[in-house]
Amino acid sequence: AQKVTQAQTEISVVEKEDVTLDCVYETRDTTYYLFWYKQPPSGELVFLIRRNSFDEQNEISGRYSWNFQKSTSSFNFTITASQVVDSAVYFCALSEAEAAGNKLTFGGGTRVLVKP
Amino acid sequence: ETGVTQTPRHLVMGMTNKKSLKCEQHLGHNAMYWYKQSAKKPLELMFVYSLEERVENNSVPSRFSPECPNSSHLFLHLHTLQPEDSALYLCASSQDGGRGNEQFFGPGTRLTVL
């Protein structure tokens, strides 16, 4: 069975600090997809990134970067020079290629609090 | 309207009431999902519809009854709920229900069962 673990339940930083969110996953599939979503206080989950299991290139998008390491089953997310607007709960999720209906398994989420 | 909308945003109901949650997606997608988010558990998938057919029912109690009349609308009918059903109910949509396609979420309905 697939499983996603986000060991950090809450992280508090001061604005402009970098923050890294850990995500470790378990799956038996060789083909799978990993996601990060952001959930601000408004409640709506906002899609940030998707990665497939064959693409281990790290990615940078503005202040966001992702480090996918298949060898350690990790897909970590770093926010550089954090801002107050980054305060939210961040979820890592996994979708297995063989799962019916594009089923997403979410981690427990990491709450990020950025203080001014 | 754009994206995925949900109504109502907040709902308070008694255990004997019957109510429905509505979700509408304006993205041209053909797969829709219901998730439950409670304080004690991670986001849980409840139902998946692909091309208006239910393809996943994640062991959800029968007091929750989904309906997908077309690819743009999804309902969740509620009856005789329990207080532990109080949660944020999120709707999402994606293209094809295909493996790995990102899902787009609505703002959710905050449900309180008294």
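Observations
- Within the stretch A:3-39, tally of residues that are touching a helix residue (DSSP H, G or I) at 6+ places or on another chain (Cβ under 8 Å) and under 23 Å from B:Tyr35 (Cα atoms): 1
- Of the candidates A:Asn67, A:Asn76, A:Asn102, the single residue that is free of Cβ contacts under 8 Å to residues at least 60 places away in the same chain and at the interface with chain B (Cβ under 8 Å from one of its Cβ atoms) is A:Asn102.
- Residues that are within 9 Å of chain B (Cβ to nearest Cβ) and touching a residue at least 12 places away in the same chain (Cβ under 8 Å), drawn from the stretch A:35-45: A:Phe35, A:Tyr37, A:Gln39, A:Leu45
Conditions tested, residue by residue: (1) within 11 Å of chain A (Cβ to nearest Cβ); (2) acidic (Asp, Glu); (3) in contact with a Cys (Cβ under 6 Å, 6 or more places away or on another chain).
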{"position": "B:Val55", "(1), (2), (3)": "yes, no, no"}
{"position": "B:Leu74", "(1), (2), (3)": "no, no, yes"}
{"position": "B:Leu81", "(1), (2), (3)": "no, no, no"}
{"position": "B:Asp85", "(1), (2), (3)": "no, yes, no"}
{"position": "B:Ser93", "(1), (2), (3)": "yes, no, no"}
{"position": "B:Glu102", "(1), (2), (3)": "yes, yes, no"}
{"position": "B:Phe105", "(1), (2), (3)": "yes, no, no"}
{"position": "B:Arg110", "(1), (2), (3)": "yes, no, no"}
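- Restricting the stretch A:74-95 to residues that are buried (at least 18 other Cβ atoms within 10 Å of the Cβ) and in contact with an Asp or Glu (Cβ under 6 Å, 6 or more places away or on another chain), the residue that is farthest from B:Glu56 (Cα to Cα): A:Ser82
- Looking across A:Gly62, A:Gly109, one residue alone is facing chain B (nearest Cβ under 10 Å) and small (Gly, Ala, Ser). It is A:Gly109.
- Within the stretch A:42-71, considering residues that are touching a Phe, Trp or Tyr at 6+ places or on another chain (Cβ under 7 Å) and in a loop (DSSP other than H, G, I, E, B), the one surrounded by the most Cβ atoms within 10 Å (Cβ to Cβ): A:Leu45
- Test: residue in the stretch A:46-56 that is acidic (Asp, Glu), farther than 16 Å from A:Thr9 by Cα, away from chain B (no Cβ under 14 Å) and more than 12 Å from the chain's Cα centre (by Cα): yes
FYI, it's all coordinate maths here, none of it is from the lab. Treat the numbers as computed from the prediction; the structure is a model and nothing was measured. Cβ atoms come from the backbone with ideal geometry, glycine included; neighbour counts cover every protein chain shown.
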